[in-house]
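Reviewing the structure listed below.
Computed from the coordinates by the stated procedures, all read-outs in this text should not be read as laboratory data. Not measured: the values here are computed from a predicted model. Note that we place each Cβ from the backbone using ideal geometry, even for glycine, and neighbour counts take in every protein chain shown.
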Amino acid sequence: MHVSWYEVFDDALSSRPVIAVSQVVEAHVGRRPTRSELNSAHRAANTYARSSNVQALHLWSPRADGRKVQFLLLARADADLDDTDQLHAVASGQAAVPRTPGRSHGWQSVEKLLAEIVKNAHSSRRVNIDHLDPAHADQLADEVAEALNDLRRLRDRLRHHTRPDDHASPPDDPLTPADPPSVEPGPPALPG
């Protein structure tokens with residue numbers, strides 16, 4: 001069974017600032033995971049943390065039987081990592097992690113969307129378009145233009161939300177289309 005752990009971790013981190021990887025894996029597969037599944041998820045979690053705005057924490061915590069075991073936690077950038085009691089509670093599965101106070105739930109989906117946009121924009125640099133026929137390339141260019149227009153609108157809404165009096169985009173903004181060249185009217189054509 002192929003699992004996209006990045007998506008599983010994204011979903012889990014969208015509702016909690018800190019997650020225990022082993023618990024997320026168990027919830028995802030619906031049973032106690034095999035060692036192979038855990039190893040695969042742990043490797044993916046470490047790679048995921050290196051490639052995103054998430055921190056991987058290796059935490060030694062006591063289990064119910066008193067033995068200490070190492071837990072792999074993933075923490076969002078806004079997580080309170082100074083609360084070690086809470087981190088141990090997350091690792092042991094004994095406490096739910098409260099949502100971060102002071103923010104509405106909507107910010108998480110906006111940040112997740114923007115993280116995907118940035119990741120995909122960087123990936124677009126490696127796209128080979130040499131094999132595309134011109135008509136298909138033109139269609140794709142139109143789709144990119146439409147997506148850029150949507151991104152401009154989102155950018156403007158975000159700017160308006162933070163600076164309601166400043167509606168202008170900076171002149172060197174790469175998402176702001178250049179003004180078309182002005183054409184001076186010439187002398188009227190003589191009938192001929």
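If you plug the beta carbon distance of His122 and Arg32 into 1/(1 + (r/R0)^6) with R0 = 35 Å, you get a FRET efficiency near 0.40.
Between Ser15 and Gln70, what FRET efficiency comes out of the Förster formula 1/(1 + (r/R0)^6) with R0 = 30 Å and r the beta carbon distance, rounded to 0.05?
Numbers: r = 24 Å, r/R0 = 0.82.
E(calc), rounded to 0.05, equals 0.75.
Placing +1 on the Cβ of every Lys and Arg and -1 on the Cβ of every Asp and Glu, with nothing else charged, gives segment 1-70 a dipole about its Cα centre of roughly 340 debye.
Full extension of the chain segment joining Ala56 with Arg152 gains 31.2 nm, where the gain is 0.36 nm per residue of separation less the Cα-Cα distance.
Counting only Cα atoms, segment 5-92 measures 34, 32, 20 Å along its principal axes, largest extent leading.
Give me the percent relative contact order of segment 5-92, please, defined on Cα pairs under 8 angstrom at least 6 residues apart. Could the numbers behind the result be given before it?
Details: 111 pairs, mean separation 29.4, N = 88.
Computed value for segment 5-92: 33 percent relative contact order.
Annotation: peptides 141-152, 31-42, 8-19, ranked by per-residue average of other Cβ atoms within 10 Å with the highest first, follow the order 8-19, 31-42, 141-152.
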